[in-house]
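Okay, so here's the structure we're looking at.
Rule-based calculations on the coordinates, nothing more; no lab input. Quick caveat: nothing in here was measured; it's all calculated off a predicted structure. Don't worry about glycine lacking a Cβ; one is built from the backbone with ideal geometry, like all the others, and counts go over all protein chains shown.
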Amino acid sequence: MSDEQNPAQNQRNLAVAISAALVAGAAIFTAIILPAEFGRDPLGTGRLLGLSGMTQTSADALHPQLEFHKNDEVEFVLEPFQSLEYKYLMDMGQAIVFSWSADGELYVDLHAENLTVEDAEESYLQGVISQQMGAYEAAFNGMHGWFWENRGFETVTLRLKTSGFFVNATEYRGGGTSDRSPPPVL
């Protein structure tokens, strides 16, 4: 007997296939999708498969700031064996995106001084390089920035660009200081 000659059998096969698909779909939804997407694990399969909590993240995506966003762009000329520091006054959690480049190698120390703890300084990078790019987030309230020193016999020009959240910038050179307060980006 062919399929066309027994419509009742075809309908029965179709009903069985649809029922099986619905049951399989409900099982997949309950066992996999609920734990992974909605944090609900009624069967415990999400825990067994490592799917529970996939929707929960440990990092916050939004970081509201009290300071206005600012851009800073400066250029420094370092004669042979001359050095300078350039630091931003930042509160804990404030961040900057930066890039700097020099037309020669410089000794650099990216570091921060904690303003709330006496003699507390943290160094993040030390070395001889000619450029660096990245993002920096202040781990505490304080002055955060770079010390550069030209240890060569040629004059080196250094260009720094930053964008982020900071109160002001201070240049330390030759025993003196100079403050900069870039305008907010509105």
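The residues neighbouring Pro184, those whose beta-carbon lies less than 10 Å from its own, together hold a net charge of 0 under the Lys/Arg +1, Asp/Glu -1 convention.
Around Ser101, with a cut-off of 10 angstrom between Cβ atoms, what is the net charge of the other residues, counting Lys and Arg +1 and Asp and Glu -1? Here the charged neighbours net out to +1. Working from Cα pairs under 8 Å separated by at least six residues, relative contact order for segment 83-186 is 42 percent.
Remark: relative contact order (the chain) = 27 percent; criterion is Cα-Cα distance under 8 angstrom and separation of 6 or more residues.
Around Tyr86, under 15 Å between beta carbons, what's the net of Lys plus Arg minus Asp minus Glu among the other residues? Write out the running numbers ahead of the final one.
Values: positive: Lys70, Lys87, Arg159, Lys161, Arg173, Arg180; negative: Asp72, Glu73, Glu75, Glu85, Asp109, Glu113, Glu149, Glu171, Asp179.
Summing Lys and Arg as +1 and Asp and Glu as -1 gives -3.
Dipole size in debye (nearest 20) for segment 50-166 around its Cα centre, Lys and Arg Cβ +1, Asp and Glu Cβ -1?
Here segment 50-166 has a charge dipole of around 400 debye.
Site pair Leu43 and Thr116 shows an inter-label distance of 4.9 nm when each label is modelled 7 Å from Cα along Cα→Cβ. Among Phe81, Phe140, a tally of other beta-carbon atoms within 10 Å of each Cβ gives an order, fewest to most, of Phe81, Phe140. Listed options for log10 I(q)/I(0) by the Debye sum over Cα atoms at q = 0.08, 0.13, 0.16 Å⁻¹ are (1) -0.41, -0.86, -1.08; (2) -0.23, -0.63, -1.00; (3) -0.49, -0.77, -0.97. The value calculated from this structure is the one marked (3). The residue list Gly176, Gly142, Gly152 was ranked by how far each Cα lies along the charge dipole of the chain toward its positive end, using unit charges on Cβ atoms, and Gly142 comes out on top. Going by neighbour counts of Cβ atoms within 10 Å, the residues Tyr172, Tyr124, Tyr86 line up, fewest first, as Tyr124, Tyr172, Tyr86.
For the pair Met92 and Gln131 in one chain, pulling the backbone fully straight at 0.36 nm per residue adds 11.5 nm over the alpha carbon distance.
Just need the relative contact order of segment 3-49 here, percent rounded to a whole number, with Cα pairs under 8 Å and 6+ apart. Provide the component values of the computation, followed by the final result.
Working: 21 pairs, mean separation 10.4, N = 47.
Reported relative contact order: 22 percent.
Residue order for Phe98, Phe166, Phe153, fewest other beta carbons within 10 angstrom first, comes to Phe153, Phe98, Phe166.
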